[in-house]
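Please treat every number below as a calculation from the coordinates, not as lab data. The structure presented is a predicted model; accordingly, all values stated were derived computationally and were not measured. Positions of Cβ are generated from backbone atoms using ideal geometry, with glycine treated the same way; all protein chains shown enter the neighbour counts.
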Amino acid sequence: MFRKLKGQSGALQVLQTALEHDRIAQAYLFHGGDGVGKFTAALYFGMALNCLAKSEFRPCGVCNNCRRFSAFDHPDLIYLFPTPNWPFSADGEFKKEEDYAQYRAYIKNKIASPWQEFWFSASCEIRVDSVRQLIRRLELSAFEASYRICIIENADAMNTATANALLKTLEEPPPATVLILTTERLASLLPTIVSRCQPVYFQPVPPRIVEELLSAEFNATTEQARTASRIADGNVKRAIHLVQSESSGIRDRAYEILQQAALGHDWQFWQNLQSPQARPTAETTMELIKYLNLFVSDLNLVLNAPEQLVNIDKKDWLQEARDNLVRCDAAQLADRVWQYLLQTEDLARKVNGNVNLQLVHINLYFALCKVFRG
């Protein structure tokens with residue numbers, strides 16, 4: 001089953017070597033960007049450690065232990081992830097039926113379509129009470145597995161008190177227990193947490209591999225797969241989301257704004273910005289900036305390096321827009337694009353502060369106008 005994880009030969013080699021030589025660390029830290037396979041690798045590693053198959057192809061995916069791990073139904077698999085502040089009984093049982101229903105819905109989504117985002121009804125973090133419950137559970141004997149596996153997903157969601165509560169367990173876990181932490185933000189973890197784990201780095205997945213996956217598994221057309229794989233920048237989950245929903249229309253909105261700036265439709269841009277449906281949030285603004293940056297960068301590539309285009313499906317429009325730039329040679333365009341990227345970098349920093357997002361959108365539009373109109 002490890003072969004299902006594409007583009008992570010370095011990380012998988014570390015894990016397979018540990019399996020072959022039976023040199024299993026007590027705690028691992030899987031780190032890398034979003035959507036590159038960290039959680040899946042953690043689950044497969046736990047399955048491999050408990051797989052009943054005798055061949056070297058572990059995990060087999062079909063034995064009783066593998067199937068129960070895949071269904072999150074094995075008593076020796078403990079899965080901890082950021083949640084709302086759910087109240088639990090002293091035995092770790094849900095006090096509210098609606099909270100348990102949310103939990104089951106999350107697990108169902110994790111099994112059936114892990115690339116789909118799941119939104120809880122409140123803000124989430126890994127809470128100190130959850131870690132204390134984990135520690136109490138680890139004090140009990142394992143049920144039946146060779147190794148008890150504890151996966152802590154998005155470990156950076158622990159605050160300082162929560163992380164400190166976990167330190168002793170990380171340093172001296174119970175026998176035959178393996179803890180696997182995953183994170184996208186390594187710098188956000190306490191150094192004392194990092195130092196107690198064996199790090200395993202997961203790199204961005206190459207566009208070629210993402211493209212093959214989208215075509216084979218998600219029925220994407222060649223054009224869709226090529227475009228999404230390059231926009232996703234190594235994030236398989238994002239690439240799938242792009243193919244299925246075009247990132248909730250944000251890319252389409254970016255393309256619309258790009259056309260308005262190129263054609264001088266300033267009043268149309270202003271009217272759209274005033275629409276209640278277009279009310280910006282910090283998250284959508286950051287996504288918009290990201291897509292616009294990709295479009296503008298493609299203006300530099302469309303004539304000289306078309307094979308490197310990100311937005312392949314917009315190649316004809318980009319070429320026409322590039323041809324229509326008045327008195328703008330390659331050097332001048334490169335300078336305009338560079339100035340634009342510097343401005344958007346500054347705007348992106350401001351989005352994270354307490355700023356008027358409408359003003360950010362207006363400044364973003366003016367910066368685009370300078371690219372097209374000088």
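Structure notes:
- Within region 232-278, the residues that satisfy the criterion of being of a type in the set (D, E, K, R) and either part of a helix (DSSP H, G or I) or in contact with a Lys or Arg (Cβ under 7 Å, 6 or more places away or on another chain) (or both) are 237, 238, 246, 251, 252, 253, 256, 266.
- Of the residues contained in region 340-358, one or more are found to be within 22 Å of residue 232 (Cα to Cα) and basic (Lys, Arg).
- Every pair of residues 6+ apart whose Cβ atoms lie under 7 Å, when the first sits in region 156-177 and is of a type in the set (Val, Ile, Thr) while the second is in a helix (DSSP H, G or I): 162/128; 162/131; 169/135; 169/138; 177/138
- Residue selected from region 155-185 under the condition of a type in the set (A, V, I, L, M, F, W, C) and in a strand (DSSP E or B), by the criterion nearest to the chain's Cα centre (by Cα): 181
- In region 249-285, of all residues being hydrophobic (A, V, I, L, M, F, W, C) and surrounded by fewer than 16 Cβ atoms within 10 Å (Cβ to Cβ), the one that is nearest to residue 353 (Cα to Cα) corresponds to 282.
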